[in-house]
1. If a/c stays under 1.5 just call it rounded; otherwise compare a/b with b/c (prolate if a/b is bigger, oblate if not). Do that for segment 1-63, with a ≥ b ≥ c from the square roots of the Cα gyration tensor eigenvalues.
2. What net charge is computed for the residues neighbouring Asp40, neighbours being all others with C-beta under 14 Å from the C-beta of Asp40, Lys and Arg scored +1, Asp and Glu -1?
3. Taking each pair of different alpha-carbon atoms in segment 31-87 once, compute 1/r for the pair, average those values, and report the inverse of that mean as the Kirkwood hydrodynamic radius in Å to one decimal.
4. Expressed as a rounded percentage, what relative contact order does the chain have, with Cα pairs under 8 Å and six or more residues apart?
5. Can you match mean projected area of the Cα convex hull in nm² to one of these, [x] 9.9; [y] 8.3; [z] 11.7, based on a calculation from the structure here?
6. Which of these, Asp42, Asp55, Asp26, has the largest mean-square fluctuation under a Gaussian network model of the chain (Cα springs below 10 Å)?
7. Kindly state, to the nearest 0.05, the FRET efficiency for Arg72 paired with Arg14, given R0 = 22 Å and r defined as their beta-carbon distance.
8. Could you work out the helix-only [θ] at 222 nm for the chain, with each DSSP H run of four or more residues adding -39,500 (n - 2.57) and the total divided by the number of residues, to the nearest 500 deg cm²/dmol?
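Rule-based calculations on the coordinates, nothing more; no lab input. Note that the structure is predicted; figures quoted are calculated from it, not measured. Note that we place each Cβ from the backbone using ideal geometry, even for glycine, and neighbour counts take in every protein chain shown.
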Amino acid sequence: MSEKPKFVYVTYIRTTPEKLWAALTDPATIKKFWFGINADSDFKQGSPWRLIFEDGRVADTGEILEAVSGKRLVIRWRNEFKPELKAEGWSRCTMEIEMADYYPDFGGKAVRLTILHELEGEGAKFIEAVSGGWPKVLSNLKSLLETGDVAFQKQDQR
């Protein structure tokens, strides 16, 4: 039995779980770190979820499967703007938030954010795409929370 295609990314951000949760679920903040994309959801379990490009095109759609403030966000996710990615069907993105002490001798604290993005069906193109996208998005999120500015500016979304 083969394992489903997946992408895993772990980063540590100097912030609190509450501030990280707010950044992951506030459309205005998402727009800052996700290259101008608009998030359309109330981020409550069972709610619809969409990412919309500035020109109005729908990038991705889905549903909030789980939302535990400051701890866990799970989204059923499908790409809508690239036919070859949409054809691979639905994926599941799990975001886990937990406090993580690092260098305790120096008094440092950080939040560990783990992203697990798994394809429900077969294929590799979607996971390849998120493997290139998530590191930039999360670098922007980390920079924004730690410095107030993003690492990467908005890019062409064609």
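1. On the way: a/c = 1.58, a/b = 1.08, b/c = 1.47.
The shape class here is oblate.
2. On the way: positive: Lys31, Lys44, Arg50, Arg57; negative: Asp26, Asp42, Glu54, Asp60, Glu63, Glu80.
It works out to a net charge of -2.
3. Details: mean 1/r = 0.0837 Å⁻¹.
Result for segment 31-87, one decimal place: 11.9 Å.
4. Result for the chain is 27 percent.
5. The value computed from this structure is option [x].
6. Asp55
7. The calculated FRET efficiency here is 0.60.
8. Dividing the helical sum by the residues of the chain leaves -8000 deg cm²/dmol.
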